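**Student:** Input: one structure, supplied below.
The numbers here are math on the coordinates, done by the rules we state, and not lab data. Not measured: the values here are computed from a predicted model. Positions of Cβ are backbone-derived with ideal geometry, glycine not excepted, and every protein chain shown enters the neighbour counts.
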Amino acid sequence: METLKKKLENLIGTLSVENRNKLKNRLEDLISVYPFNEYEYIISNLLGLDKIKLNDYLEIRNEYLARNEYLHIYEKYGSPTAFGITWAQSHIHAIAPKMKKPAKKEYPDFDNEYDFFYNYLELQNANLTTKFGQFKNPFGFSKFG
């Protein structure tokens, strides 16, 4: 995001003083609501003022997507919890089918402190929990033993 912001700030710097001030003043009052946000607003202004062409926009967009290649997966689910439950848990279960979702019936003391249970040689228990909201990388995993 910082790379994108710097690139847009550089492009804003190429505007006339009048257009730069108008844009900055409007940005201060701008209410961002998905999908309409400050980046969309800046880019549309740069396009409207002929400071960038459609190909420039597509290049900026493609560079951003290349730097954030898994963002589309996270965005599809809308929240870290939904992402973790819907995608990550099914993905982990597909990779390690012996990982079981704990149930109160089998484990009466279970209190949602982990997402999967793996019985290792019936002597050791390993719990794997997905923690998505705490990491910049949406694929952060923590292992507790």
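**Student:** For segment 21-26, just list the computed ³J(HN,Hα) in residue order, Karplus coefficients 6.51, -1.76 and 1.60, θ = phi - 60°, integers in Hz, with x standing in for Gly and Pro.
**Tutor:** Here the 3J(HN,Hα) series is 5, 4, 4, 5, 5, 5 Hz.
**Student:** Whose amide H sits under 5 Å from the amide H of PHE117, counting only residues 5 or more places off or on another chain, with H placed in the peptide plane?
**Tutor:** HN-HN under 5 Å from PHE117: LYS100, LYS101.
**Student:** Shifting gears a bit: Check each of the GluC sites (Glu not before Pro) in segment 61-114 and keep only those in coil by DSSP with at most 11 other C-beta atoms within 10 angstrom; list them in order.
**Tutor:** Sparse-neighbourhood loop GluC sites (Glu not before Pro): GLU69, GLU106, GLU113.
**Student:** Calculate, for THR81 and LYS22, the FRET efficiency according to 1/(1 + (r/R0)^6) with r their C-beta to C-beta distance and R0 41 Å; round to the nearest 0.05.
**Tutor:** Between THR81 and LYS22 the formula returns 0.50.
**Student:** Give me the tail of P(r) for segment 2-67 as a percent: Cα-Cα pairs with distance above 13 Å.
**Tutor:** So the portion of pairs separated by more than 13 Å is 65 percent.
**Student:** Moving on. Counting other C-beta atoms within 10 Å, and keeping those with at most 16, which DSSP coil chymotrypsin sites (Phe, Trp or Tyr not before Pro) do you find in segment 44-73?
**Tutor:** Hits after loop and neighbour filter: TYR70.
**Student:** Could you run the Karplus curve 6.51 cos²θ - 1.76 cosθ + 1.60 with θ = phi - 60° over segment 54-64 and give me ³J(HN,Hα) per residue in whole Hz, x for Gly and Pro?
**Tutor:** Coupling constants for segment 54-64: 4, 4, 5, 4, 4, 5, 4, 5, 5, 4, 4 Hz.
**Student:** Using θ = phi - 60° and the Karplus form 6.51 cos²θ - 1.76 cosθ + 1.60, what ³J(HN,Hα) does each residue of segment 65-75 get, whole Hz, x for Gly and Pro?
**Tutor:** 5, 5, 6, 10, 5, 9, 4, 4, 5, 5, 5
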